[in-house]
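Data first, discussion second: the structure below is written as structure tokens.
All of the numbers you see were taken from the coordinates with simple rules; none came from a lab. Predicted, not measured: the structure shown is a model, and the values here were computed from it. As a convention, Cβ positions derive from the backbone with ideal geometry for all residues, glycine included, and neighbour counts pool all protein chains shown.
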Amino acid sequence: MKPVDLARKLRRDAAFEPAALDRGKAVLMAAIRREAEPKRRPTIVPQVPYQDIRAALSFLERAFGFREIPTARFVSADGELLHATVEFGNSLIGVGGQGHHGAISPMSGGVESQFISVQVDDVDAHYQRAVAAGARIVDELRDHSWGERTYWALDLEGHRWRFGQPIREVPQSGRRRRPSEH
Amino acid sequence: MSLPSDAEVIGRSLDEPEAFGLIYDRHAATVLRFLGRRVGAEVAEGLVGELFRIAFERRKMFDASRTSALPWLYGIGSNLLLKHRRGEARRLRASARMAAAGEAADKRAGAGALDARLLFPRVADAIEALPDGEREALLLFAWEDLSYQSVAEALELPIGTVRSRLNRARAQLRELLEPGGENRVRSR
């Protein structure tokens with residue numbers, strides 16, 4: 001007997017139910033449907049003005065993991081990038097210039113009148129990434145009594161961002177406030 | 001009019017994801033039998049959907065120069081099976097016992113019956129003792145009747161590597177067939 005025939009002697013077919021293939025097909029078709037469905041777009045899209053849109057896009061990707069949607073670019077006839085859209089999780093943020101809408105970058109205006117709060121899956125990893133990309137940390141990564149772990153950072157033009165992740169173990173000081181009251 | 005090849009169907013599924021359902025209809029039964037031989041019906045039925053879901057999500061990476069998707073699907077299956085090594089080993093030992101019993105019955109308790117009862121469990125042990133890459137190449141070749149070329153496509157290896165893996169696997173099994181060879185193979 002040849003060695004391969006010896007291995008072949010141990011080949012044994014399994015006995016399947018008649019409908020054995022149905023469950024697998026359902027798993028595949030569910031994955032197909034998920035992809036085929038048009039993505040739901042959020043109702044509110046914050047618009048954030050920058051002096052340098054290209055630099056902002058590069059920073060937001062490197063530091064925060066926001067991905068630009070390439071097809072959403074708005075470019076003037078002479079090639080100037082006027083507006084771009086980045087996505088993260090199920091959300092979108094508009095990245096635009098300053099001017100006609102009246103909003104300006106903190107780099108020009110000197111104040112941040114708003115901040116954007118972002119929920120992430122792994123805030124520790126996100127923090128490391130932001131620091132490595134040169135984000136300025138203005139409030140260190142730490143746990144809060146309401147069950148959240150956060151850090152705050154300024155981006156390259158001084159916009160203020162807050163990144164947080166829910167935590168299961170609430171510190172000893174007790175749970176006084178709920179996240180929605182923050 | 002000829003049917004569109006797997007490569008054409010997968011190409012079309014990039015724009016029309018539902019088209020990938022045809023790949024399932026064409027190959028799921030073959031792939032399910034492959035998984036079933038390795039880990040039994042129950043686990044295989046759970047794995048086949050997972051395998052095709054992974055294939056669907058990786059369909060952009062399918063090499064369109066290959067007409068059949070089957071070796072590619074075998075390759076994804078081989079990877080999935082690595083997480084089920086214990087179940088595989090159990091089934092292989094059970095198959096060895098059944099093969100030994102079957103052989104013994106055929107020969108009606110002659111001298112050969114004792115040989116079979118000893119031999120098949122040792123074959124199972126020898127297959128189990130092979131490194132993952134060699135065992136996979138051997139089982140795709142011996143159980144699934146894939147050509148060297150198809151095994152190479154499934155495992156994403158050069159054909160020469162497949163040949164050398166199969167030769168090493170053969171050498172291990174050959175020892176069991178040689179006089180006194182049974183003692184030389186490690187039994188675990």
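Brief remarks on what is shown
- Estimated 222 nm signal from helices in chain B, with DSSP H stretches of n ≥ 4 weighted -39500 (n - 2.57), rounded to 500: -23500 deg cm²/dmol
- Seen from all directions on average, segment A:47-176 presents a Cα convex hull projection of 9.0 nm².
- Longest to shortest principal axis, alpha-carbon extents of segment B:6-83, angstrom: 35, 20, 18
- Tail beyond 16 Å, pair distance distribution of segment A:1-66 (Cα, percent): 77
- Calculated FRET value between residue B:85 and residue A:71, using beta carbons and R₀ = 51 Å, to 0.05: 0.70
- For the pair segment B:19-53 and segment A:144-165, the centres of their Cα atoms are 46 angstrom apart.
- Acute angle (nearest 10 degrees) that the helix A:20-36 long axis makes with the longest principal axis of chain A, alpha-carbon atoms: 20
- When chain B is reduced to its Cα atoms, the Kirkwood hydrodynamic radius in Å: 18.1
- With the convex hull constructed from alpha-carbon coordinates only, segment A:39-80 shows a mean projected area of 4.1 nm² over all directions.
- Net charge dipole size for segment B:6-83 [Lys, Arg +1 and Asp, Glu -1 on Cβ; Debye, nearest 20]: 360
- Sorting A:105-113, B:15-23 by their mean Cβ neighbour count within 10 Å, with the most densely packed peptide first, gives B:15-23, A:105-113.
- Acute angle (nearest 10 degrees) that the helix B:85-106 long axis makes with the longest principal axis of chain B, alpha-carbon atoms: 50
- Net +/- balance of residues flanking residue B:63 in space, Cβ distance below 13 Å, scoring K and R +1, D and E -1: +1
- Dipole magnitude (debye, nearest 20) for chain A, charges at Cβ of Lys, Arg, Asp, Glu: 980
- For chain A, the longest principal axis of the C-alpha atoms and the axis of helix A:123-132 are separated by about 60°.
- A compact globular protein would have a Cα radius of gyration near 2.2 N^0.38 Å; the ratio found for segment B:47-87 is 1.22.
- Scattering profile of the protein assembly as shown at q = 0.07, 0.15 Å⁻¹ [log10 I(q)/I(0), Debye over alpha-carbon scatterers]: -0.55, -1.18
- Inter-chain Cβ neighbour average for residues B:37-47, partner chain, 10 Å: 4
- Projected label points at residue B:60 and residue A:137, each 7 Å from Cα along the beta carbon direction, are separated by 3.4 nanometres.
- Dipole in debye (nearest 20) - chain B, about Cα centre, beta carbon charges: Lys, Arg +1; Asp, Glu -1: 860
- For segment A:71-139 and segment B:54-77, distance of Cα centres in Å: 39
- Scaled radius of gyration (Cα, divided by 2.2 N^0.38 Å) that segment B:1-44 gives: 1.43
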